[in-house]
Amino acid sequence: MKKTDVVIIGAGAVGSALARELSKYRLDVTVIDKNEDVGGDISKSNSAIIHTGYDASPGTLESQLVVAANPMYDRITKDLDVPFARIGAILPAFNDEQFEKLPVLKHKAMMNRVYDVEYKTGEELLKMEPELNPCVKGGLYIPRESIIDPFLLVIGMAENAADNGVHFMLSTKVTDITVENGSVRSVKTDKGDEIRAGFVINAAGLYCDEVASYVGKGDYYVTPRKGQFYILDKNTSCRVSTIVLPIPTKITKGKLMCPTIHGNMLVGPTAEDLLDKTDKRTTADGLASIAADVSKMVPGVMIRDTITQYCGLRAQRNPEGLNIDMYDDLAGYVNISGVRSTGLTGSVAIAKYVVDLMLQNGLKAEFRTDFNPIRRGTPRFDELTDEERRELIRKDPRYGNIVCRCETVTEGQICDAIHRTLGARTVDAVKRRVRAGMGRCQGGFCGPKVIEILSRELGIPVEEIRKNEPGSEMTVGNIR
Amino acid sequence: MQGKTYDVIVIGAGPAGLAAAIGAKENGAGSVLILERDATLGGILEQCIHPGFGLKYFGEELTGPEYAGRFISLVKEKGVEYKTGTMVLEVSANSVCAVNPEDGLVTFSAKSIVLAMGCRERTRGAIAVPGTRPAGIYTAGSAQRLINRQHIMVGRRVVILGSGDIGMIMARRLTLEGAKVLAVAEIMDYTAGLTRNRVQCLEDFDIPLLLSHTVVEIKGNRRVEGVVIATVDPETRKPIEGTEKLYECDTLLLSCGLIPENELSKKSGIVLDRTTGGPVVNQFMQTNLRSVFACGNVVHVNDLADNVTEESLRAGKAAAAFANGTLPQDEKQIPTVPGNNVRYICPQKLCRGADATLFFRAASPARNVTLSVVINGGQVIKKNLLRVNPGEMEHVDLTADQLATADSVTIDII
């Protein structure tokens, strides 16, 4: 039987942040995830915003950790080479009813210790965002709301953890957790492995209730809440420069419009409660509601410039709220549940909180002096200066071969994405790492080339190249 | 790196770029360079292995690669220089910045430039087909590349959304390769592509064409497992509830329109036509940046490569004349105006001192119509047409004399 100090179940945002945090200690850590790639499920579909927590419920664990997490992003994005920008958010009020809610929202921000929220007049907001509905009466400005590349955040944390010695077992599903004398003993997988572990952390996100039930701690259930989004072309003429948030109602936080870190416009999300955790369909009605709602704030929004639509699931739980638990009657087991729309932001603070909790509850671990916090990113050709581009091509001519013309992604980048730590093995994994296929032609031109490169670099037949998980093969083999 | 200086640089080596380079070289351009992003010359023609090319230009039927081959030979014979595997990153009035593995980043100078980047396909995302996001969704052209150039089969049971020419041609191609094409669904009540493709690619192979139908949902979490097709109201083009039918398939191809690829043009400040999506040009295929010309599908999407060739030879000739300082210039260019049932006219502007051929498309299909060309309120051409179809481009010729005192030219289909 394999032995490890800590098993983390789930390599999403929280699991990857935990892996990196634990890799700062002299510990043997194993991350197990059912997906082909890290961040392969709900962590890849979100609003890509790093929140301040200004609107969280004051006094909750979620509020505490989101508020604590926000300032950490300047450092972590620099260390891991993750695109990130503090563009700020605005919360414009367009009628009296909304206007009257502003003091309540500002007070809530103060209760959450987000003290830099400011009032803005309608005139000031229009100056900041000329595309706003001109009937804007005033609103709030939340300067530290930020945007990030959510794929590279998760990939970056996982990669850095792996570089610091954490083992990743991907495409592997945990099927059971065994318990002995009131302590966790081992984790069993669908590959027939049994891994003995002193600590097991349930960071399974959407499926954390199922994992919790293995140890009889499933006293809650996950109630997925779907959010659908539009991505608009980088060339769309109606643009915003901040995150434009609606004033929340009792029912929903509403639909926003913001730039992505790579210059597209993001519009959405819906909020639809589901029973089926695999329901990742966009719907005509859902998409129509986004257009209707956001155009009230930004009347000129050009939905017809959409290049793609996607939906993500928030791993909401019932009873509600972020919960991080250890149990008197089950030593070594940590349960993380209710990681919802603030989960991407919260992940880095959740990781610190959990590790501290474990240290207080029996984890013996020595701090490492040789932890390397730096991840060398893949060069982003489109962001380089001409001089840097020349230098790169001189060293490796594959950086002179543009494969994805929409996002100006080179063969060199794609090869780097494939061969680096926790490298890409699928078309989607390449796309999330270097953006090939993320542009306006959505892989129409580069898709066939990416398939060829993956096949060549990995030495596997073309018909085995997949979009993501097994069963998602891109093609069916050679012609007759 | 500072590259050489050329009389004419052509961006793209598809039918448009090849013809433009030849047109330039045959009409007095000393040095001509073609920059092509793909590994070979020929552009999309290289994957169009079906016949139907050259009927108009050569008077014989050729395949795409054969048609391209003739121009590639000419390019080589005439001493046109070319670089393949070379992506252009930026264009200005007299320079082109490009990148490839051998030269790295290079800036070439040119007296005139011809844009011939072609077009791209409208995607599933652009038309926002709801549903899951599995593997097995391809634009018709990507599938064509995979099958004809990489010899990789995309699927076994196929539904095609949209009746563009490539979609219909791929319906036949996939059938010949042993796939079952269940249906071609078209949201309009007429086919988008050529009549000959409807007959030869769909009817001859008994492939059902569902007019006034669209895909309302894609099913399958990993690979496509099916698509739901519904009838649409011909007026509103909205799906009619209760008409949904599931087609179990592993592949969905999209042939829902082509979009001129003008990211370079936009960045360089070239004015685009909102309807065509391509640069506003005059009869010399000259853009608002006087030294920059454009031709082929980057200007407006053509239905025949032969038309692209003719238009591009003219563009090349004009670019050479510009490089040599002999292109007539008319400071006050006059507009062409799409009138009744005309979607667009190309060129959008005319210099009055020269003959011009005006290409245009009907906005909707019609039979037994009158084509009318009006200059300054007076009808100069009146012609009866048996039928017009948005999928088939029409043209009229105007002489320099007719245009001499014109303030505008209007075309109506009544």
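Quick notes
- Here the Karplus relation 6.51 cos²θ - 1.76 cosθ + 1.60, evaluated at θ = phi - 60°, turns the backbone of segment B:302-309 into coupling constants of 8, 9, 10, 4, 4, 5, 4, 4 Hz, with x for every Gly and Pro.
- Taking B:VAL342, A:VAL476 and counting other C-beta atoms within 10 Å, the order from fewest to most: A:VAL476, B:VAL342
- Per-residue mean of C-beta atoms belonging to partner chains within 10 Å, peptide A:224-235: 1
- Compared with the alpha-carbon gap, the fully stretched path from B:GLU60 to B:LEU211 is longer by 51.1 nm at 0.36 nm per residue.
- Ranked by the mean number of other Cβ atoms within 10 Å per residue, highest first, peptides A:142-154, B:268-280 order as A:142-154, B:268-280.
- Around the amide H of B:VAL216, modelled in the peptide plane, lie the amide H atoms of B:VAL228, B:ILE229, B:ALA230, all under 5 Å away and 5 or more residues distant in sequence or on another chain.
- Beta bridges per DSSP, both residues in the protein assembly as shown: antiparallel share near 65 percent.
- Separation of segment A:279-304 from segment B:1-55 is 42 Å, based on Cα centroids.
- Paramagnetic reach from A:GLU124 in segment A:142-159 [backbone N under 13 Å; point 7 Å along Cα→Cβ]: A:142-143
- Low-density loop positions, GluC sites (Glu not before Pro), segment A:383-479 - DSSP coil, at most 13 other Cβ in 10 Å: none
- Counting only other chain Cβ atoms within 10 Å of each residue's Cβ, the peptide B:141-147 averages 5.
- The trypsin sites (Lys or Arg not before Pro) of segment A:376-472 that DSSP puts in a loop, and whose beta carbon has at most 15 other beta carbons within 10 Å, are A:ARG376.
- Computed FRET value (nearest 0.05) for A:HIS419 with A:ARG26, which takes r as the C-beta separation and R₀ as 30 Å: 0.55
- Chain B - share of DSSP beta bridges that are antiparallel (%, nearest 5): 60 percent
- Peptide A:433-444 shows a mean partner chain C-beta count of 4 within 10 Å per residue C-beta.
- Across segment B:364-376, computed HN-Hα scalar couplings (Karplus, 6.51 cos²θ - 1.76 cosθ + 1.60, θ = phi - 60°) run 8, x, 7, 10, 6, 10, 10, 9, 10, 10, 10, 10, 6 Hz from first to last residue, x flagging Gly and Pro.
- Rounded to the nearest 20, the Cβ-based charge dipole of segment B:153-217 about its Cα centre (Lys and Arg +1, Asp and Glu -1) stands at 240 debye.
- Footprinting exposure proxy for B:THR40, B:THR86 (fewest neighbouring C-beta atoms within 10 Å first): B:THR40, B:THR86
- Normalised by 2.2 N^0.38 Å, where N is the number of residues, the alpha-carbon radius of gyration of segment A:8-143 equals 1.32.
- Residues listed by number, segment B:128-162, amide nitrogen under 15 Å from B:THR84 label point at 7 Å toward C-beta: B:149-150
- At R0 = 22 Å, FRET efficiency that the Cβ-Cβ distance of B:THR370 and B:THR195 yields, to 0.05: 0.55
- Cysteines of chain A lacking any other cysteine Cβ under 4.7 Å from their own Cβ: A:CYS135, A:CYS208, A:CYS238, A:CYS258, A:CYS311, A:CYS406, A:CYS415, A:CYS441.
- Positive-end residue, the protein assembly as shown charge dipole about Cα centroid, Cβ charges, pick of A:GLY39, B:TYR138, B:LEU161: A:GLY39
- Extension gain, A:ALA284 back to A:ARG394 (0.36 nm per residue minus Cα-Cα distance, nm): 34.7 nm
- Debye intensity ratio in log₁₀ form over the Cα atoms of the protein assembly as shown, taken at each q of 0.07, 0.08 Å⁻¹: -0.62, -0.80
- Counted by neighbouring Cβ atoms within 10 Å, the residues B:LEU211, B:LEU246 run from fewest to most as B:LEU246, B:LEU211.
- Spacing of the two label points (7 Å from each Cα toward its C-beta) at A:ASP325 and A:LYS173, in nm: 2.4 nm
- Of the trypsin sites (Lys or Arg not before Pro) found in segment B:8-98, the ones in coil according to DSSP and having at most 16 other Cβ atoms within 10 Å of their Cβ are B:LYS56, B:LYS78.
- Between segment B:235-288 and segment A:124-169, the Cα center-to-center distance that results, in Å: 32 Å
- Here the calculated FRET efficiency for B:GLN379 and B:LEU176, from their Cβ-Cβ distance with R0 = 41 Å, stands at 0.25, rounded to the nearest 0.05.
- Whether chain B is rounded, prolate or oblate, judged on the alpha carbon gyration tensor where a/c under 1.5 counts as rounded: oblate
- When shorter helices are ignored and each DSSP H run of at least 4 residues is given -39500 (n - 2.57), the per-residue value for the protein assembly as shown at 222 nm works out to -7500 deg cm²/dmol.
- Pairs spanning more than 24 Å between alpha-carbon atoms, out of A:LYS24/A:LYS277; B:LYS317/B:LYS349; A:LYS234/A:LYS431; A:LYS253/B:LYS238; B:LYS78/B:LYS266; B:LYS78/B:LYS111: A:LYS24/A:LYS277; A:LYS253/B:LYS238; B:LYS78/B:LYS266.
Computed from the coordinates by the stated procedures, all read-outs in this text should not be read as laboratory data. These figures come from a predicted structure and were not determined experimentally. We place every Cβ from the backbone using ideal geometry, glycine too, and count neighbours over all the protein chains shown.
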